[in-house]
Every structure is written in structure tokens, then in C-alpha cells.
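Below is one structure, written out as C-alpha cells; comments come after it.
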Amino acid sequence: MSLDVRTVTASEFPEWMRAVGTGFLTAGKGPDEELVADRLADVDLSRVQGVFDAGRCVATFRSFTQRLTVVGGATVAADAVTAVTVTPTHRRRGLLNRMMATDLAAAKERGDLVASLIAAEYPIYGRYGFGPAAWSAVWEVSVHRTGLDPRRSGQPAGGGRIEMVDGADTRKIGPEVHGALAARQPGAVTRGERWWRRHTGVGPRPDHEKWTEPFYVVHRAADGTVDGLLVYGTDDTWGDAKQPLNTASVRDMIALNPAAERALWHFLCSIDWITTVRSGYRAPDDLLPLLLPDPRAARLVTNADWLWLRMLDVPRALEARTYGTEASLVLDVRDGAGLAGGRFLLDASDDGARCVPTTRSADLALDVAELATLYLGDESVRRLVDLGRAEELRAGAATTADAVFRTGRRPWCPDVF
């Protein structure tokens, strides 16, 4: 029987949402009308694809407009991919191939420089030219081992102060604090109004997302400006000897400077009854362990790929970021899908770059997915060469490329989408 791959209409959207729930193992039944209306108000249906078999949705795909911060602080237009599922009964039929090809071609036509996604599974998206461009880590902190003085660790130094606020305050304060972070953090992506509503408990939610109100905290610098935001939840666990064994789990934490970051972590580790802190997803080179007198109190429990990128316009994307040193490189970029391949001359500097097609001999040859892993400064060209995932065509080119692309701090995407 023929499978119909098409954009989804408003009347088909509830069935599409049901299929998303099936694919992600969250719910087999369809969503209620209130949730459908809420999601429809925020979705561009022209970018929602579904595959239908006799009227039943068996595969889903959606994309939306996103701004991605690159090295140097500029933002580029990204085609953010999400809600990718194939129902178990219809796997291995090329359905994702068809939907992905349609979406990436449209993104290229729109002028998006990259496509972005958070991969639920590692092996899938390399086939489509995506590569992991930013990783994420989670630490678990044993509060009693931190070496912090429990009588003083919740008191910020330097005239700053900690304040408890509520969700309404966070919806007002949060966008400005996040915007300041996104203006300089490679890998950060935009958060819209709906993001802030959803993450402060406003609006309907699917049955599997049980909302519990978290605690909201801000850090104010000595001049009163907010330079840090912390959102965390807690459990209610007590030992047999009536001792508190509670865990505080970070849902969101933005710090605009090391002083605010230190103050927020120390505050969280100072709360009575909290014996363990889970950091939530952080940059893999986060300061957290070294902000504690005893860094061994912070145990790394997760270190995994997070933000994946796919280059759609190599010259414009490479020109959008800045670089660590002044150098020229000729890159032979291979793209089996024919979207972004070619040979390009990159003249890089710490002020920016010029990138144009060229017929000169290449210094490095690599797949478009490997270029994506280099784009935000996280990966080593030398490592890619040693792995056989890039080819050094001129002696010393890998060393030069590492000096050009690498950054002092690793990129980080604070969000899942």
C-alpha cells in the first residue's frame, strides 16, 4: 500500500501529535483539545510533515526557525529539526529519508545556514550530514564532601545577593538574562515566549509531563542587576534514621560571570536537608567542580553528544564566526546530498573571515558532517585526521586548522528542542 508523505493540516494535527507520542513512547492515545490548540498556536504547519497510511499517521517530522550563536557572538539562521519519529510498524521504509530531504531542501532555499537538532540516538543523523557540534555533561555533587562551610556557603561575596522569586518574575527576568548569555555563548539557541511559559508551568501539558512547581532563584550583583538565574526542583527522601537524603535537581541555570555562577552553586549546596545536587545538563568544561573546595565531591555522571549541526551554506556559515588566528585554508567539503559540498578558500582572522569557492589545491578534505563538528570550535582536526574522518592533504594543515577553529572554552547549548 502506498504511503502518503505530506505536510500536515490543522485537522490532521491531533493525529500527528498522537503519532509523536507513539514514537517517543510517551502516550498511545491522542492529545486533548486544549493541548492541540496550544501547540497549533505555536507551530508553522507548512514545516510539519507526516506520513499517512490509510489515514493513520505513521511518521512525523517538524522544523522551526531558530537563531544559533556562533563563535564571536553573531547568530545565524538555523533550521531546527524536532519531533522526528517513525512508528514501529513502518520502520526501514525510507520514510525519514524522504522527510529529511524535503526539509533540508526547503531550508537551503530559505537561506538557512545550518540545520540543528538534539539527537535521541547517535547513529541516525550522520547519514544526513549532521555532526555533533556541542556536548553536554551532568555532575552529581555530594554536598557533605564539598568542603563548603554550611554556615556561610549560601552568602555571596562581593556585595551580591540571592533572592527567591516566582514563575511570573522569572518570565520577566529570564529572557534578558538568557539573551545576555546567548549573545556570547557559542551553541546557544533562541528561547521564545512559549519556552518561558512552558518552563514556568503556564499552559496545558501532555499527561506524561507531570508538572511540579520548582524553586526560582536570582543572583543580583552589587549594583542590583540580575546576573544569574537558577531553577531547581527537589525530592522528599529520608533515611531510616530520620535523616534527610534529599536531592536538588537543576532545571535551568544561567550565570553571566564566574562570581554569579559560584554564588548560585554555593547557595544550592547550602540548603538544609539537601545532601545531593544534580547539575542538569552543563557544558562539558563547566566550572562547577572547581568552584568547590573539594572538586572530587562532583562526580561526572553524563558526558554525551548534545547539539548536532548540518551545514547548508558553507561560505556564509564560515564567514559568520570569528577565528583563533589569521590563516588561509582550502577545504574540500564532501556532501553526498549535494546541498553544501565544494572546495572553499577560507581566509580566517580573529575579526572574521572571507570564504569563497576556489579551484586551488585543497589543504584538508572532509565530509560536511565533520565540518559541522568543527564549526563551533569543539572538535580537533588532528583527532579527525587520526580517526580517518578527515584527510590532511598538505603537511601541517591539521595543526593550522586547529589553531584556526578551536576555542578557549567549549560550546554549549543549554536547551533541548
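Return a yes/no flag: does the stretch 9-18 have any residue that is among the acidic types (Asp, Glu), open to solvent by 30 Å² or more (accessible area, probe 1.4 Å), over 30 Å from ARG184 (Cα atoms) and touching a strand residue (DSSP E or B) at 6+ places or on another chain (Cβ under 7 Å). Within the stretch 9-18, one or more residues are among the acidic types (Asp, Glu), open to solvent by 30 Å² or more (accessible area, probe 1.4 Å), over 30 Å from ARG184 (Cα atoms) and touching a strand residue (DSSP E or B) at 6+ places or on another chain (Cβ under 7 Å).
Quick check: is even one residue across the stretch 226-235 touching a helix residue (DSSP H, G or I) at 6+ places or on another chain (Cβ under 8 Å) and among the aromatic types (Phe, Trp, Tyr)? Outline the logic, then answer.
Taking the stretch 226-235 and keeping what is touching a helix residue (DSSP H, G or I) at 6+ places or on another chain (Cβ under 8 Å), we get 226-232.
Filter once more, so that each one left must be among the aromatic types (Phe, Trp, Tyr): 232.
Yes: the stretch 226-235 contains one or more residues that are touching a helix residue (DSSP H, G or I) at 6+ places or on another chain (Cβ under 8 Å) and among the aromatic types (Phe, Trp, Tyr).
Residues that are open to solvent by 10 Å² or more (accessible area, probe 1.4 Å): find the strands (runs of 3 or more DSSP E) completely inside the stretch 51-128 holding 3 or more of those. Before the answer, list the steps.
Working: elements: 56-69, 75-86, 114-118.
Hits in the stretch 51-128: 56-69, 75-86.
The number of residues in the stretch 209-241 that are over 30 Å from ALA133 (Cα atoms) and part of a loop (DSSP other than H, G, I, E, B) comes to 16.
Just one of THR225, THR234 is free of Cβ contacts under 8 Å to residues at least 12 places away in the same chain and polar (S, T, N, Q); which is it?
Values: THR234 fails: free of Cβ contacts under 8 Å to residues at least 12 places away in the same chain.
It is THR225.
Counting the residues of the stretch 1-31 that are hydroxyl-bearing (Ser, Thr, Tyr) and within 16 Å of ALA41 (Cβ to Cβ) gives 2.
Residue-wise test of (1) under 29 Å from ALA182 (Cα atoms); (2) in a strand (DSSP E or B); (3) modelled with pLDDT of 95 or more; (4) not basic (Lys, Arg).
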| site | (1), (2), (3), (4) |
| --- | --- |
| ALA304 | yes, yes, yes, yes |
| PRO315 | yes, no, yes, yes |
| LEU318 | yes, no, yes, yes |
| GLY324 | yes, no, no, yes |
| LEU346 | yes, yes, yes, yes |
| ALA362 | no, no, yes, yes |
| THR373 | yes, no, yes, yes |
| ASP378 | yes, no, yes, yes |
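Listed by first and then second residue, the pairs with beta-carbon distance under 7 Å, at least 6 apart or on different chains, first residue in the stretch 22-40 and farther than 19 Å from SER63 by Cα and open to solvent by less than 80 Å² (accessible area, probe 1.4 Å), second at pLDDT below 95 and charged (D, E, K, R), are ALA27/ASP207.
What about ARG354, is it farther than 17 Å from LEU318 by Cβ, charged (D, E, K, R) and surrounded by fewer than 24 Cβ atoms within 10 Å (Cβ to Cβ)? Even if it seems obvious, please write down each step before you answer.
Values: farther than 17 Å from LEU318 by Cβ: no; charged (D, E, K, R): yes; surrounded by fewer than 24 Cβ atoms within 10 Å (Cβ to Cβ): yes.
When the stated conditions are applied, ARG354 does not pass them.
Restricting to the stretch 383-409, give me the number of residues that are more than 29 Å from THR75 (Cβ to Cβ), open to solvent by 40 Å² or more (accessible area, probe 1.4 Å) and in a helix (DSSP H, G or I). Number satisfying all stated conditions: 2.
The values are calculated or read from the model by the stated rules, or taken from the named source; none is laboratory data. In this text, all values refer to a predicted model and were calculated from it rather than measured experimentally. Every residue, glycine as well, gets a Cβ built from its backbone with ideal geometry; the counts of neighbours run over all protein chains shown. We work out accessible area using only protein heavy atoms, side chains counted, and drop any ligands, DNA or RNA first. Shrake-Rupley method; radii C 1.70, N 1.55, O 1.52, S 1.80 Å.
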